[in-house]
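Everything below concerns the one structure shown next.
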Amino acid sequence: MIFLVALLLMAPPAAEKEPAAARRILSSVTTAARGVKAPAEAAWVWGRVAEVARAAQDPERLEEALKAGMAACLTLYKEDSDAKSPNLAPREFWPSSQHFRTLVHVAGEAFGPKAEAYLAQIPDTDLQLLARIELARALLGKPRETGAIVVSRKSK
């Protein structure tokens, strides 16, 4: 996992300079990403894979990363909103919120206004609004806003 993380952190600038080389590396990275099972880790990894795939102009891997990332985010959302043990942090800091926003921003950079379809996959209107703002940033050519991720639950 450490090698995968290091590669994903270094890959976006390289992908823009050498898209063909990045596409070759993405094959291995995508295979490794499929093995990440923890929802928070998977959402982060797929978000980075999506960023690299977009920069490397690899539409197939971009689509796979967005789909897998959204699935991981939905699992995170279920954890964040679990009635028995909800995340008590403000929704803008929930892991699911932050990762949804990353994926929607990447989709916006790649697909323009058509990325709005990804908003419909977000089951919470508050998180959808935050992602819509991130989509607007992407459409305006602004960098992605990064925020803190906070998980706060009552002690048992």
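Computed from the coordinates by the stated procedures, all read-outs in this text should not be read as laboratory data. Just so you know, these numbers come straight off a predicted model, no measurement behind them. Virtual Cβ from ideal backbone geometry, glycine too; neighbours counted across all protein chains shown.
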Set of lysines near K78 by C-alpha distance (under 22 Å), chain-local residues within fewer than 8 positions excluded
K37, K67, K154, K156
Helix 2-17 sits off the longest principal axis of the Cα atoms of the chain, rounded to the nearest 10 on a 0 to 90 degree scale, by 50 degrees
Virtual spin-label span in nm between T31 and E63, 7 Å along Cα→Cβ
2.2 nm
Take the chain, connect every pair of alpha-carbon atoms lying under 10 Å apart with a spring to form a Gaussian network, then pick out the residue of P39, P19, P90 with the largest mean-square fluctuation.
P90
Give the angle, between 0 and 90 degrees and rounded to the nearest 10, that separates the Cα long axis of helix 19-34 from the longest principal axis of the Cα atoms of the chain.
40 degrees
Arrange V29, V49, V151 by Cβ neighbour counts within 10 Å, fewest through most, would you?
V151, V29, V49
Over all pairs of different Cα atoms in segment 9-109, the reciprocal of the mean inverse distance gives a Kirkwood radius in Å of 13.8 Å
Roughly how many Å is it from the Cα centre of segment 109-156 to that of segment 14-86, as a whole number?
15 Å
How big is the charge dipole of the chain about its Cα centre, in debye rounded to the nearest 20, if each Lys and Arg gets +1 on its Cβ and each Asp and Glu gets -1 on its Cβ?
300 debye
Of L129, L26, L74, which has the largest mean-square fluctuation in a 10 Å C-alpha GNM of the chain?
L129
Listed with the fewest Cβ neighbours within 10 Å leading, D126, D80 appear as D126, D80
Over the chain, relative contact order from alpha-carbon pairs under 8 Å, at least 6 apart, %
20 percent
